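The structure appears below as structure tokens.
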Amino acid sequence: MPAPTIPELLDTMDYGPSPESPKPALAWLDEHQRRFGHFIGGQWCPGSGHFASVNPADGSELAQVAQAGAAEVEAAVQAAQAAQPAWAALGGPGRARHLYALARALQRHARVFSVLETLDNGKPFRETRDVDVPLAVRHFYHHAGWAQLLDAEFAGHEALGVVGQIVPWNFPLLMLAWKIAPALACGNTVVFKPAEQTSLTALRFADLCREVGLPPGVVNVVTGDGAVGQAIVDHPGIAKIAFTGSTEVGRAIRRATAGSGKRLSLELGGKSPFIVFHDADLDAAVEGLVESIWFNQGQVCCAGSRLLVQEGVAARLTAKLERRIAQIRVGDPLDKSTDMGALVDRTQWQRVHGYVERARAEGARIVQAPGALAAVGGAGASLELDALKGCYYPPTLVCDVESSFEIVRDEVFGPVLTVQTFRTPAEAVELANNTAYGLAACVYSESVSLALDVAPRLKAGVVWINAANLFDAACGFGGYRESGFGREGGREGLREYLRRVAGPAGQTAATGAAPGGVAQAAATREGSSVATGAAAIDRSPKFYVGGKQARPDGGTTRVLQSTDGSVIGSVPEGNRKDIRNAVEAARSAEAWSRQSAHGRAQVLYYLAENLDAQRARVVQVLGTTLGEAAAQAEVDQAIGHLFTAAAWADKHDGAVHQPPLHGVVLALNEPMGVIALIAPDASPLAGLLALAAPAMAMGNRVVVVPSRRHPLVSAELTVLADTSDLPGGVLNLVTGDADALGDTLAAHSEVMAFWAPQATPAQAARFEALSAATLKRTWVAFEADGGPCHTDAREVLEQATQVKNVWVPYGT
Ligand code: NAD
């Protein structure tokens, strides 16, 4: 027999076993007698009930982990509260040293953490060693830097207090780092809860906190299931909840915290598109898909789980993929040549398999490499969990699917890729955005012009161009829409853990009639007369919707009387339908978001110019309820707000990050879209424009419910907008009852952010609870009633934008 050639040898050569030893990690478990309590106030506290933490690769028990009850959560919050003032008072540079020490210690123990994570979660050691742990280390280093710079870079800000942090099981240590590092850098203390399936690296991290001398109570770790998470969420001593997990639980947390004043950030699920254009490097796209959907067994919130490929190359790409998945090595996670390990537990396995089998029943073609599970016991057999050594699942392609299929709509959270085709870039964008989620997207094309044209049109917090699943502490990460709100990492991630102290923030004063305000109101059928003397001309104010005046759907008008009983005007009363029309008009005015910042600034300056020109009339009208001096002041301040917003329009720029990769990351400040505003009551013009003007400057379209007490401002703003080239739909005004209209806006699916600066506690609770259905960003109860508007324009700009990070690696 002739000797095999080198290519033949390379083709037939198999991998030898290359297992990493679990011994150091098991030794640490043994030090704790494989039984853990909670880490509270720098001490290990024995837990009462315990449950097993299991290695999903072989079903063996690793340790007993404690289930916290209300008493343990209480003790953890108290320890964090006790530690917080001194931790904040330590100052940024002092905290920087602790964060630096944590980074160094994590690095020193990198091997133990990697092995422990692999044992506990089932993910390949290659990934824990090369991705999870190094990125966690980098997060602590990066935030040591932020702590050092905090006083200079965030002057006028302070820590929130005690932060409750809850994470899922897919990146246990990395999620811990994403949560704890920024919270500590800003001077907060933490009550942290890992997922019940994967608590071990968090417990090992608790030991690390002791090792580096972190002050007791700064980091507290309580373990257990969702009930523990819920107790943290409900605890009144907690100032903020930072949650990563499923959209379903995120929504429940939004409801539970509604109106509590607790800050909230939600990093939720995703169903991210992976778009391949016909000019893409198809081999690179295949490797990108391996990184995207088969990394961490597909249990990645931002996994590119929907392949959208341009029709002309679809057959070639699918054939390449079918060949490639046959080479993915599924096996012992501790073996260094394993590509895919085990899913996290039996429940997750059943869930993934259920999705695949239902897709098959719906008519999909399922492709799984024959023999993919040979190494783990299931070769040739049907895919049965009990026939396998552990929770292994093969890389899976799901072809011949429609957008309506369950498997295309739902987050599967497993190694499962659906395949769909498109013809044009516009169709690709439409398909990509056809999901309730908005976490991430990948775009593969050799044309940088095409890729950078498509990236901003994708509704996603992160876009990777010719790359997938790249992360760095300097670059914010987070979603749009039902993928949640808030960012982790970067400058924007820090803002989640700080509050501005300048100005009278936070409190809501009791409402009451302002001097000269509307004393009484009576609802009549349409039409009224404004008492402006003998020559009064009948005037029927309307709403302002889509650049046109609109009559109220219900035909109801509120007559306004002065304190002396004289009639001073009338305003229409809006209802649900009026709000829906206004939101539709705002949604359709999307071109405003694409208009240049310079162009938007011109319009805002023009509004200011015309307001000055129309001053006499505006002062006369507002003066009827405010008094002349206050009306003059309103106009002056309003002009100032318009000028400030115009000035910022082209200056609230994004940033270019240079993470450790050959390339750049463009952090783009994108408008939220449609913003709803329940305008401040006492300052009807200036208060409204202090918020609406910066929102419009950033490219948002706003639907405003003007002041209930001084609603005549609405007609004046209508004239102003009409005479100032403001495109129809950018500013929409619907007068009426803030409660009823606010409820409709808070629940509306096309409203992306909801602002109610002077919401009462009851309103704040209701509005935030209603916002949970669509998980919109809320900003409520932050302005006191009565005075001029104190809100800092920069704060409004931040609320009016969300950061999209576009990763652009280059070179070879
Ligand atoms: P999950 O929502 O079931 O659990 C997440 C965490 O919340 C766990 O610690 C759990 O114990 C806790 N929890 C459960 N019920 C709770 C409640 N009522 N109140 C408070 N806490 C509660 O999610 P999971 O199945 O563990 O994780 C998978 C999900 O996480 C996926 O949807 C995935 O997309 C998402 N995820 C998102 C990101 C991101 O950054 N956007 C990152 C990783 C994972």
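The table below gives the values:
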read-out	value
Solvent exposure, largest accessible area first (probe 1.4 Å, DNA, RNA and ligands not counted), of 318, 760	760, 318
Nearest-0.05 FRET efficiency for residue 278 and residue 1, computed from C-beta distance (R0 51 Å)	0.65
On Cα atoms only, tilt of 761-771 relative to the major axis of the chain in degrees	50
The stretch 717-757 versus the stretch 30-74: alpha-carbon centroid distance in Å	51
The chain - share of DSSP beta bridges that are antiparallel (%, nearest 5)	45
5 angstrom amide H check on residue 760, placed H, neighbours 5+ away	none
Extension gain, residue 447 back to residue 548 (0.36 nm per residue minus Cα-Cα distance, nm)	32.2 nm
The stretch 115-196, accessible surface, carbon-and-sulfur percent (1.4 angstrom probe)	54
Angle in degrees between helix 615-626 and the longest Cα principal axis of the chain, rounded to the nearest 10	90
Stretchable slack from residue 155 to residue 11, in nm (0.36 nm times residue separation minus alpha-carbon distance)	45.7 nm
Inter-label distance, nm, simple model (7 Å from Cα along the C-beta direction), residue 211/residue 322	5.0
Probe 1.4 Å, protein heavy atoms only - accessible area per residue of the chain in square angstrom	37
Segment residue 329-residue 719, extension gain: residue separation times 0.36 nm, minus the distance between their alpha carbons	133.6 nm
J(HN,Hα) series, the stretch 3-18, from Karplus relation 6.51 cos²θ - 1.76 cosθ + 1.60, nearest Hz, glycine and proline x	5, x, 6, 5, x, 5, 4, 4, 5, 9, 4, 9, 7, x, x, 9
Residue 108 paired with residue 656, simple spin-label distance in nm, labels 7 Å along Cα-to-beta-carbon	4.0
The stretch 350-398-the stretch 118-178 distance, computed between alpha-carbon centres (Å)	34
Viscosity 0.692 mPa s, 37 °C: Kirkwood-radius Stokes-Einstein D of the stretch 1-89 over Cα pairs, µm²/s	186
Coordinate range along principal axes, alpha carbons of the stretch 570-720, Å, largest first	63, 34, 22
Alpha-carbon radius of gyration plus Dmax, which is the widest Cα pair, for the chain in Å	28.8, 116
Gyration tensor over alpha-carbon atoms, the stretch 222-340, equivalent ellipsoid semi-axes in Å	40, 19, 9
Of 123/193; 240/271; 542/804; 262/542; 459/542, pairs whose Cα-Cα distance is over 30 Å	542/804; 262/542; 459/542
Computed FRET value (nearest 0.05) for residue 404 with residue 629, which takes r as the C-beta separation and R₀ as 41 Å	0.10
FRET E, pair residue 385, residue 664, Förster distance 51 Å, beta-carbon r, rounded to 0.05	0.70
Rounded tilt (10° steps) of 713-722 against the dominant C-alpha axis of the chain	80
Spin-label zone in the stretch 97-120 - amide nitrogen under 16 Å from a point set 7 Å from the Cα of residue 58 along the C-beta vector	115-120
Heavy-atom accessible area ranking, 1.4 Å probe, most first, across 683, 596	596, 683
Approximate spin-label separation residue 27-residue 430, in nm, with each point projected 7 Å along Cα-to-Cβ	6.2
Share antiparallel - DSSP beta bridges, the stretch 125-279, percent rounded to 5	0
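The values are calculated or read from the model by the stated rules, or taken from the named source; none is laboratory data. These numbers come from a predicted model, not from an experiment. Don't worry about glycine lacking a Cβ; one is built from the backbone with ideal geometry, like all the others, and counts go over all protein chains shown. These area figures cover heavy atoms from the full protein model, side chains too; ligands, DNA and RNA do not enter into them. Shrake-Rupley method; radii C 1.70, N 1.55, O 1.52, S 1.80 Å.
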